[in-house]
Amino acid sequence: MANIKEMEYWLRGRHDDVRLECIEIKHPSFSRDYRFVRNHADGVRVKHEDGVYRDYQPLPLTIKAAKAADDLQQKFTIGIGDVGEIMPYEIDRLRRGTHSTVRPTLNYRVFLTSDLTEPMTSVRGLEITDNQPQKRGAVFSCQAKELNKTSTGILFTIDLFKSLRGF
């Protein structure tokens, strides 16, 4: 479901207002956090939810959100191009570090060029689950953390609760 700011953009947005797609990749073993913007040639400085401004470097990216699922699971497939020798070095640090069992996390934010102080859309804390190195870059999948891998509680189905049919 879209938030209010996103709905405003699609219904009444300016034709020259560009959506800037930003990704942030983090891991305790990395030498730093990596921030990339998909569609801005010079990079961009934006304000995060914690009130701190951060710089995003331009990088060729493809960002594909998974189709909406019944379980509301957030999933993205992201292709990053031409990261040179940076990411292989960081992956080696990850494997040799004390946090080798922790998966890197990805934060996805969309800003409007007219307002770089608040994200229009934000999906944070996605785990990078699959990495496929390519000749120039990588393609990886990320999704929301699986907090509960076992079924607990009651499933609310129409078979069990007839009054749900109206919803």
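The values are calculated or read from the model by the stated rules, or taken from the named source; none is laboratory data. Small disclaimer: the values here were computed from a predicted structure and weren't measured. Using ideal geometry, Cβ is built from the backbone for each residue, glycine included, and neighbour counts are taken over all protein chains shown.
Quick notes
- Subset of region 89-102 (residues that are in contact (Cβ under 8 Å) with a residue 60 or more places away in the chain and either within 19 Å of Ala65 (Cβ to Cβ) or part of a loop (DSSP other than H, G, I, E, B) (or both)): Gly97, Thr98, His99, Ser100, Val102
- Enumeration of residues in region 96-106 that are more than 12 Å from Ile78 (Cβ to Cβ) and either out of contact with any helix residue (DSSP H, G or I) (no Cβ under 8 Å at 6 or more places or on another chain) or charged (D, E, K, R) (or both): Arg96, Gly97, Thr98, His99, Thr101, Val102, Arg103, Thr105
- Residue within region 15-25 that is at pLDDT below 85 and within 17 Å of the chain's Cα centre (by Cα) present: no
- The one condition from (1) of a type in the set (Asp, Glu); (2) in contact with a Pro (Cβ under 8 Å, 6 or more places away or on another chain); (3) at pLDDT 70 or above that Asp82 does not meet is (3).
- Apart from one condition, Asn3 fits all of (1) under 17 Å from Arg124 (Cβ atoms); (2) in contact with a strand residue (DSSP E or B) (Cβ under 9 Å, 6 or more places away or on another chain); (3) modelled with pLDDT of 90 or more; (4) not small (Gly, Ala, Ser); the exception is (3).
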